[in-house]
Amino acid sequence: MKIIAVGRNYADHAKELKNEIPESPVIFMKPDTALLKDNKPFYYPDFSESLHHEVELIIKIAKEGKHIAERFAKDYYTEIGLGIDFTARDLQGKLKGKGLPWELSKAFDNSAPIGRFVEKTSFQSLEAINFSLLKNQTLVQQGNTRDLIFSFDFLIAFISRFITLKKGDLIFTGTPAGVGEVKRGDRLQGYIENEKLLDFEIK
Ligand code: ZN
């Protein structure tokens, strides 16, 4: 499986990092070795001194597709999840400054903790899903899919023009404002609506 991630998909987050609102989705990837499951602790990496949390909704692809039309995109996913797109912001800044790919700052081992997935039918509307992240019991990030720049269905159509989507692939759909540093000893808890899907420690 592969993990495809979308940068700058909430205008308020693009602004906080002083990035322009993109005209088409900013896409990058993480390898399967980035996954961290079952709320296992995350070990702070030795190559960063500014590790940021980015809480994101995740689409789990349910069947293979290429050149998927936006109007059929809904048939390609049945479950939504929650994850963290951990980012070594200091390293990312250096790479961006040199015009180099971000990969090392975003695709490292365990950079993609994920929780369990929820059937999409359990939501009244996919266009109004609330999600949030607490750090040490304090709310640090809060998002709603109504604020997405590019919708889930648009993303599936766009990505599948370039990359075949396969069953089990995950799409991290972007983070809202409020990204910030984590330190050893911090505890992160992530929610979709009132359901807690992530709860783990930084060690
Ligand atoms: Zn992200």
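The values are calculated or read from the model by the stated rules, or taken from the named source; none is laboratory data. Since this is a predicted model, take the numbers as computed values, not measurements. Every residue, glycine among them, receives a Cβ derived from its backbone with ideal geometry; neighbour counts consider all protein chains shown.
Side notes on the structure shown:
- Screening segment 163-176 for residues that are under 14 Å from the mean Cα position of the chain (by Cα) and more than 12 Å from the ligand (Cβ to nearest atom) and picking the one that is nearest to Lys106 (Cα to Cα) gives Leu170.
- Check on Val55, within 18 Å of Asp186 (Cβ to Cβ) and of a type in the set (A, V, I, L, M, F, W, C): yes
- Enumeration of residues in segment 11-43 that are aromatic (Phe, Trp, Tyr) and touching a strand residue (DSSP E or B) at 6+ places or on another chain (Cβ under 6 Å): Phe28, Phe42
- Answer from Phe158, Phe150, Phe131, Phe117 - the residue that is surrounded by 16 or more Cβ atoms within 10 Å (Cβ to Cβ), touching a Gly at 6+ places or on another chain (Cβ under 9 Å), modelled with pLDDT of 95 or more and closer than 14 Å to Pro25 by Cβ: Phe150
- Against the test of being farther than 14 Å from Gly115 by Cα, over 13 Å from the mean Cα position of the chain (by Cα), among the charged types (D, E, K, R) and within 16 Å of the ligand (Cβ to nearest atom), the options Asp46, Asp32, Asp75, Asp12 yield a single qualifying residue, Asp12.
- One residue from Gly143, Gly180, Gly168, Gly185 being in contact (Cβ under 8 Å) with a residue 12 or more places away in the chain, crowded, with 18+ Cβ neighbours inside 10 Å, out of contact with any helix residue (DSSP H, G or I) (no Cβ under 7 Å at 6 or more places or on another chain) and not β-branched (Val, Ile, Thr): Gly143
- Leading residue by the ranking (modelled with the lowest pLDDT) among those in segment 161-181 that are assigned to a loop (DSSP other than H, G, I, E, B) and hydrophobic (A, V, I, L, M, F, W, C): Ala177
- The set of residues in segment 182-194 that are under 15 Å from Gln137 (Cα atoms), part of a strand (DSSP E or B) and out of contact with any Lys or Arg (no Cβ under 8 Å at 6 or more places or on another chain) contains only Tyr191.
- Candidates Asn110, Asn39, filtered to the one that is polar (S, T, N, Q), away from the ligand (no atom under 16 Å from the Cβ) and within 22 Å of Ser132 (Cα to Cα): Asn39
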